Amino acid sequence: MAKKKRIHVLDESAIRDCTGCGGCEIVCAPNVITMDYDSDGFYRPSIDLDGCTLCGVCPDVCYKFNVFESNDPFKNSEVIAVTNNFIDDTNLVTTAGVATRLAKYFFEKGYNICGVKYDYAGNTTKHEIADSLDDILEFRGSKYIPSITEKAFAKLVKEKKKSVVFGLPCQIHGLRKIIERKKIADKFILVDFFCSGILSKNLWDKYQDYLRRKFSISKIKQVNFKDKTQGWEKSSLKVIDEDGNQYRQNRFNDMFYAFLLRRVPYQEACYSCEFRKNVVSSDIRLGDFWGPKYKGWDDGVEIMTLMNDKGRYAWNEIKDYFTYKIHKKEDLYESQDSGAMNTDVKKPKNYGQVLTALASQQYLEDIFKDLQIAKTPIGGGE
């Protein structure tokens, strides 16, 4: 029998595109694989080929090489609609606050809590492990640009301590592969989100320049990508700079959202993502309960799918903080099929032009006009 070819994570035999999850760097020897933003603004690995031994571990944990069975991962899940019973500012930055409540509860039980915060020094997002309840508050809210995972995830894997980890489906999948390989999966509760895709960091950088020129916003001190002060269905992008200047614009009138709502430019992997509908590696998946069932509920309704017994255990520990209702699987699909579970999202024909323009000196508003971004349908398409 012929020996299986040993490859590394950048081998051309990959069957999918990279998601930037960072798992390859975590399992590799130090300084051989390095994650960083590429020229298109996506988080990507590079390899020191002189240090690579072709051990084959990195492709084993990599989504690009994984083979998935054809089945419905939601077949045995529980679908629950959730609203909160507590009065604080949670509903201004989240929907029902399930993730925040999970994080607080298990932090007080001694678990590591790992989530995504905005790094104002580096103008990016990154995963961190909470040292306090205040840290957990910084994990709240949506972020739409690539987050740096590997430092925090590597620490979790090394410590082998009970942990609750929040992340995108692709990031959670990479972590799941690692902890199963290390035989420590029983120590982790993994939570991901219904995700439509991740945008280029170059778009966010251009947008900050746009805010400086058009609205006199200096260095950002606070950002909320989905501010719900004016209601769940009227969410806005809100920014406060270090001088106290504030910008808030409804998502349908904001320049960043003009690209986001049209899914331009997602990373390549997002346009054919298996995690939309076919693969779930988390114990709990969370999102907004869009669709007709709760239209008009201005405080917002969260959708939660409990994927297994571990997810059910975690929910049972905190459910008394919430009002909730069990739903049918059909309601899940109705809620998400035009958004995060939409498998018909097309990469725009001008995708390469958009990436090139975002890496140039051209102003964001001129890119929007010159490349006719407005003609791309909201929700994605050609």
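The values are calculated or read from the model by the stated rules, or taken from the named source; none is laboratory data. As the structure is a prediction and not an experimental result, all values here were calculated from the model. For neighbour counting, all protein chains shown are included, and Cβ atoms are generated from backbone atoms with ideal geometry for every residue, glycine included.
I need the full set of residues from region 158-175 which are surrounded by 22 or more Cβ atoms within 10 Å (Cβ to Cβ) and in a helix (DSSP H, G or I), in order please. Spell out how you get there, then give the answer.
Of all residues in region 158-175, those surrounded by 22 or more Cβ atoms within 10 Å (Cβ to Cβ) come to 163-175.
PRO169, CYS170, GLN171, ILE172, HIS173, GLY174, LEU175, listed by residue number.
Failed condition for THR34, given (1) free of Cβ contacts under 8 Å to residues at least 40 places away in the same chain; (2) under 21 Å from the mean Cα position of the chain (by Cα); (3) within 25 Å of GLN353 (Cα to Cα), with all others met?
(3)
Identify the residue in region 188-228 that is within 30 Å of TYR333 (Cα to Cα) and of a type in the set (Gly, Ala, Ser) and, among all such residues, is surrounded by the fewest Cβ atoms within 10 Å (Cβ to Cβ).
My answer is GLY197.
Scan region 196-213 and tell me whether some residue there is more than 19 Å from ILE148 (Cβ to Cβ), touching a Lys or Arg at 6+ places or on another chain (Cβ under 8 Å) and either modelled with pLDDT under 95 or among the β-branched types (Val, Ile, Thr) (or both).
For region 196-213, residues more than 19 Å from ILE148 (Cβ to Cβ), touching a Lys or Arg at 6+ places or on another chain (Cβ under 8 Å) and either modelled with pLDDT under 95 or among the β-branched types (Val, Ile, Thr) (or both): present.
So, of the residues in region 37-54 that are without any contact (Cβ under 8 Å) to a residue 60 or more places away in the chain and surrounded by 15 or more Cβ atoms within 10 Å (Cβ to Cβ), which turns out to be nearest to LYS277 (Cα to Cα)? Steps first, please.
We begin by selecting, within region 37-54, every residue without any contact (Cβ under 8 Å) to a residue 60 or more places away in the chain; these are 38, 44-54.
Still in the list and also surrounded by 15 or more Cβ atoms within 10 Å (Cβ to Cβ): 38, 44-45, 47, 52.
Working: ASP38: 28, ARG44: 24, PRO45: 26, ILE47: 31, CYS52: 35 Å.
If we take residues in region 37-54 being without any contact (Cβ under 8 Å) to a residue 60 or more places away in the chain and surrounded by 15 or more Cβ atoms within 10 Å (Cβ to Cβ), then ARG44 is nearest to LYS277 (Cα to Cα).
State all residues of region 325-376 that are closer than 27 Å to PHE215 by Cα and in a loop (DSSP other than H, G, I, E, B); if no residue qualifies, say none.
ALA359, SER360, GLN361, GLN362, TYR363, LEU371, GLN372, THR376
If you take the residues of region 266-293 that are assigned to a loop (DSSP other than H, G, I, E, B) and among the β-branched types (Val, Ile, Thr), which of them is surrounded by the fewest Cβ atoms within 10 Å (Cβ to Cβ)?
If we filter region 266-293 for residues that are assigned to a loop (DSSP other than H, G, I, E, B), which is where we start, we get 267, 273-283, 289-291.
From what's left, among the β-branched types (Val, Ile, Thr): 279-280.
On the way: VAL279: 17, VAL280: 24.
It comes out as VAL279.
Could you tell me which residue of region 176-186 is farthest from GLU302 (Cα to Cα), considering only residues that are crowded, with 17+ Cβ neighbours inside 10 Å and of a type in the set (Lys, Arg)?
Out of the qualifying residues, it is LYS177.
Does LYS375 meet the test of being modelled with pLDDT under 95 and within 30 Å of ALA81 (Cα to Cα)?
Working: modelled with pLDDT under 95: yes; within 30 Å of ALA81 (Cα to Cα): no.
It is false that LYS375 is modelled with pLDDT under 95 and within 30 Å of ALA81 (Cα to Cα).
Are any residues in region 75-84 closer than 12 Å to GLY311 by Cβ and either assigned to a loop (DSSP other than H, G, I, E, B) or among the polar types (S, T, N, Q) (or both), and if so, which ones?
Scanning region 75-84 gives ASN76, SER77.
Which condition number does TYR111 fail, the rest of (1) among the aromatic types (Phe, Trp, Tyr); (2) at pLDDT 95 or above; (3) surrounded by fewer than 20 Cβ atoms within 10 Å (Cβ to Cβ) being met?
(3)
As an exercise: evaluate ASP50 against (1) farther than 23 Å from GLY197 by Cα; (2) in contact with an Asp or Glu (Cβ under 8 Å, 6 or more places away or on another chain) and give the number of the one condition it does not meet.
(2)
With GLY311, GLY296, GLY231 as the choices, which residue is farther than 30 Å from LEU358 by Cβ, surrounded by fewer than 21 Cβ atoms within 10 Å (Cβ to Cβ) and within 24 Å of the chain's Cα centre (by Cα)? Walk me through how you get there before you give the answer.
Numbers: GLY311 fails: surrounded by fewer than 21 Cβ atoms within 10 Å (Cβ to Cβ); GLY296 fails: within 24 Å of the chain's Cα centre (by Cα).
None of the others qualify; the one that does is GLY231.
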